[in-house]
2 protein chains.
Amino acid sequence: MNSYTEENYLKALFILSTEAGETTVNALSKSLEIKMPTVNSMMKKLSEKGLVNYESYKPVKLTEKGKKEAALIIRKHRLTEMFLVEKMGFGWEQVHDIAEQVEHIKSPAFFDKMDELLAYPKVDPHGSPIPDKHGKIVWKKYTPLSECIKGQAVVLAAVTHSSDDFLKFLNARGLHLGISLKIKSIEPFDGSMVVSYAKKTETLSLVVCEKLLVA
Amino acid sequence: MNSYTEENYLKALFILSTEAGETTVNALSKSLEIKMPTVNSMMKKLSEKGLVNYESYKPVKLTEKGKKEAALIIRKHRLTEMFLVEKMGFGWEQVHDIAEQVEHIKSPAFFDKMDELLAYPKVDPHGSPIPDKHGKIVWKKYTPLSECIKGQAVVLAAVTHSSDDFLKFLNARGLHLGISLKIKSIEPFDGSMVVSYAKKTETLSLVVCEKLLVA
DNA sequence: TTAATAAGTTAGATTAATCTAACTATTATT
DNA sequence: AATAATAGTTAGATTAATCTAACTTATTAA
């Protein structure tokens, strides 16, 4: 059984590793806001437990076992977020902090029940995939809006890095998952995009467009 | 802000103090399954924080502040139990262990939402009162079934010490809160009672009758 | 290619929560 | 009232998770 703390390291390892398949002590340190020596000793500990492969001065990689355990925590996090939105009436910008705590609850029955009540959802309220009971996760290949071209018609499928502020920004502009967007034009000097949706037109900065994943 | 551990001590203090208004280090030690020296130093700490009144070799008493904070944790526990039963379909014998973890979640919005969805319940699934947002708790004076007399017709209002085993025992006999019971006879030698309800008759041992509260 | 910068490590301290062993105080029993 | 039993305390050790300070290795840039 992993501690609350260990679970947070596993989760961070999983998230930071999605692209490169590995991550660094430094990146973990920044992401968890925990100093490097602390992260260093935790890596030794997780290595002892067979959850990561770790050698001095090299990037850290989750083992298969570590990957599975991390995915199961993320499963609990995302099921919780979905439950909070779908069954309790929270907004998608409110659920992260609650799920961050609920994800550590030890009770298979609790999360199985959520899963059942939600009719076995495949994605969370931010469009991120929910790993299955075995820790398997299916990534859909979405495109950042910023990589689309003028004239394209797309559907908003997910958001990356779903901070409170960013989601409130989207709420204020009526942008939610599933909405259809049409790219009217792209400003060459700053990469901002003029998009129309739901009978209106908005200009979105490059920073915003990079965080919107479309299909 | 109290730690997870401190919250557990506060809760135990509150529960153990309900009758006498105070409790002992020994009782706390047994109830929490934590050795006395550990409890002793925690009492000093909680005393420093103004949550208990504590002097060497004397019983421990919660301060008003301590009582309020304890009641608010119990509120979260009982709201959670009610939510699990009413909104998630769990049995009353399944919810204690989950609520034991959920009660420590820091999120007023989460529990306010439960409260609202449950339409501001006054009791939990075991008939225990739910403290209000200010930590006020209203105790209804129920009578143990064991103190009733032959011929009395009563309604099952609450159970004390709701262990998994005991609740399964009640489930198996169709005994649930709100059910009407009639006392047919009382065995003088062991205090067991013959009661009828829902068109059947059962014999309940004294141990069981002491744990059933009726009105 | 060497010097500067960034990343990573080691050593040692701190805090919270726990324990055991040994001692003291209180309460109960003869 | 003396003694045995129970309850409570003190001292000191342990573990998990964190930190700072100092040092080492690797990477980047002049």
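The values are calculated or read from the model by the stated rules, or taken from the named source; none is laboratory data. Keep in mind that what you see is a predicted model, and the values were worked out from it rather than measured. Backbone-built Cβ (ideal geometry, glycine too); neighbour counts: all protein chains shown. Ligands, DNA and RNA are stripped out before the accessible areas are found, and what is left, the full protein with its side chains, is counted by its heavy atoms. Shrake-Rupley method; radii C 1.70, N 1.55, O 1.52, S 1.80 Å.
Figures for the structure shown
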read-out	value
Calculated over the range A:143-214: convex hull of Cα atoms, volume per residue (Å³)	75 Å³
Computed Kirkwood radius, in angstrom, where 1/r is averaged over Cα pairs of the protein assembly as shown	25.5 Å
Pairs from B:Lys30/B:Lys106; A:Lys122/B:Lys68; A:Lys35/A:Lys68; B:Lys61/B:Lys122 whose Cα-Cα separation, in the structure shown, is over 32 Å	A:Lys122/B:Lys68
For the range B:4-13, 3J(HN,Hα) per residue [Karplus equation, 6.51 cos²θ - 1.76 cosθ + 1.60, θ = phi - 60°, Hz, x = Gly/Pro]	3, 4, 4, 4, 5, 5, 4, 4, 4, 4
Calculated FRET value between A:Trp139 and A:Asp112, using beta carbons and R₀ = 25 Å, to 0.05	0.60
Accessible area per residue, Å², the range B:4-62 with all protein chains present, probe 1.4 Å	59 Å²
Heavy-atom accessible surface that A and B bury in contact, both chains counted, 1.4 Å, Å² to 100	1400 Å²
Carbon + sulfur, % of accessible area of the range A:4-62 - ligands and nucleic acids excluded, 1.4 Å	52 percent
Ellipticity estimate at 222 nm from DSSP helix runs (n ≥ 4, -39,500 (n - 2.57)) divided over chain A, nearest 500	-13000 deg cm²/dmol
Cα gyration tensor, the range B:72-174 - rounded (a/c under 1.5), prolate or oblate	prolate
14 Å beta-carbon shell around A:Tyr197, net charge (K/R +1, D/E -1)	+4
Stretchable slack from A:Thr160 to A:Met1, in nm (0.36 nm times residue separation minus alpha-carbon distance)	54.2 nm
Amide H partners (placed H, <5 Å) of A:Leu62, local residues excluded	A:Asn53
Cα centroid separation - the range A:150-192 against the range B:168-215, whole Å	63 Å
For the range A:143-214: lysine pairs under 19 Å (alpha-carbon distance), excluding those fewer than 8 apart on one chain	13
At least 40 Å² of accessible area lost relative to the chain alone, listed for the range A:46-89 with a 1.4 Å probe	A:Met88
Environment charge of B:Val159, counting only residues whose C-beta is closer than 14 Å and scoring Lys/Arg +1, Asp/Glu -1	-1
Distance in nm between pseudo-label sites at A:Lys65 and A:Lys45 (7 Å out along the Cβ direction from Cα)	1.7 nm
Relative contact order (percent, whole number), chain A, Cα cutoff 8 Å, 6+ residue spacing	15 percent
Cross-link reach list, aspartates and glutamates versus B:Lys87, counting only Cα pairs under 15 Å and skipping chain neighbours closer than eight places	A:Glu86, A:Asp112, A:Asp115, A:Glu116, B:Asp112, B:Asp115, B:Glu116, B:Asp124
Neighbouring partner chain Cβ atoms per residue of A:107-116, average, 10 Å criterion	3
Cα gyration tensor, the range B:4-62 - rounded (a/c under 1.5), prolate or oblate	rounded
Mean-position separation - Cα centroids, the range A:1-30 and the range B:29-108, in angstrom	32 Å
